Amino acid sequence: MASDGNTKSESNAAPPLLDLTIDNITPNTIRINSQSSNARLTYLMSRLVTHLHDFARETRLSSDEWMAAIGFLIGCGQISNDVRNEFILLSDVLGLSLLVDNINHPKPPLGTEGSVLGPFHTHDAPVLPNGSSMTSDPDGEPMLAICTVKDTGGNPIQGVTVDIWETDSSGHYDVQHADRDRPSERCVMLSDEQGRFWFRGLKPVSYPIPHDGPVGKMLQMLSRHCWRPAHVHFMFGKEGWDKLVTALYLRGDPYETSDAVFGVKQSLVIDLEKADKETAKGYGVEEGTWLLKHEFVLTTEEETEKLKDRLAVEALQKLGLRMKLVDHLPVPDLD
């Protein structure tokens, strides 16, 4: 008969749990969660339980509040589907998405900073040749984007996969339209031998994040708005290079300094230009078309891992924690 993972011998080996109180429930929970041979998992669960229990004790969390929180999480799951992830949205509006990205993908001074992925990236964007249009929206203001991808030494990087997506002129992503039959306002391109890629899209517009679900209701209760400043998403990938998820934001947008998901960084705020006669002729657009020009700078995986390790050690030392890094992740140093 197959084992269910909780044999008699395993149960007998577990520490006894008796007379649990407000004061001793935390160390006992950590103790029984510390039987795994996976040091990283044990550490993660220990810190999760510690902070969750401390939160309950510090706030004197009521039963009604805890049940409301459980109902909130259930609601997030129920409204999520293949094209809408309410949990990503929750992570975004709590600032956690940006925090995790900053921890895992630190950038040297010359590297392009990351931003939030957001809940509307898809995997069905068409691969288009440079110069293509990624929009089918006739109502938006046309925009030409001319970009390059380089390393921190200023050398072009060829063959980088660039995933690009934005809203249409109404402030909606294609997956938000019930009659969506194909991708629009999104594409995938490859940088050429000079590290260049260019495409035709729309001048981005401000838009509200989905606010008809639990996260939107939470923002309303917190007296927070649900708007994002106008931006275009970019995701860069190539073997040997640290994955970059970022976005470019239009300067002067009314939500530039109050982005609902904390994605804006000063280095990612840009000004649009207008295509002059020569540029318009060279790229097949009308003179005066909105023009986005930007140079993205990638870092190698090795560069990023070294920086990530150094910053982790420094942060842990400031916290007075005795830790070691295993596969670039901290675990307690018990030696």
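A few notes on this one:
- In the range 147-156, the qualifying residues are those that are surrounded by fewer than 21 Cβ atoms within 10 Å (Cβ to Cβ) and touching a Gly at 6+ places or on another chain (Cβ under 7 Å), and the one that is nearest to Ser184 (Cα to Cα) is Thr148.
Residues checked against (1) touching a residue at least 12 places away in the same chain (Cβ under 8 Å); (2) surrounded by 13 or more Cβ atoms within 10 Å (Cβ to Cβ); (3) within 17 Å of the chain's Cα centre (by Cα):
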{"residue": "Glu239", "(1), (2), (3)": "no, no, no"}
{"residue": "Glu286", "(1), (2), (3)": "yes, no, no"}
{"residue": "Thr289", "(1), (2), (3)": "yes, yes, no"}
{"residue": "Asp309", "(1), (2), (3)": "yes, yes, no"}
{"residue": "Lys324", "(1), (2), (3)": "no, yes, no"}
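- Any hit, the range 269-280, residues being in contact (Cβ under 8 Å) with a residue 24 or more places away in the chain, surrounded by 20 or more Cβ atoms within 10 Å (Cβ to Cβ) and of a type outside the set (A, V, I, L, M, F, W, C): no
- Residues that are closer than 25 Å to Glu86 by Cβ number at least 3 in the following strands (runs of 3 or more DSSP E) confined to the range 137-207: 161-165.
Readers should treat all values here as calculations from the given coordinates under stated rules, not as data from a laboratory. Note that the coordinates shown come from a computational prediction; the quantities given were computed from them, not determined experimentally. Every residue, glycine among them, receives a Cβ derived from its backbone with ideal geometry; neighbour counts consider all protein chains shown.
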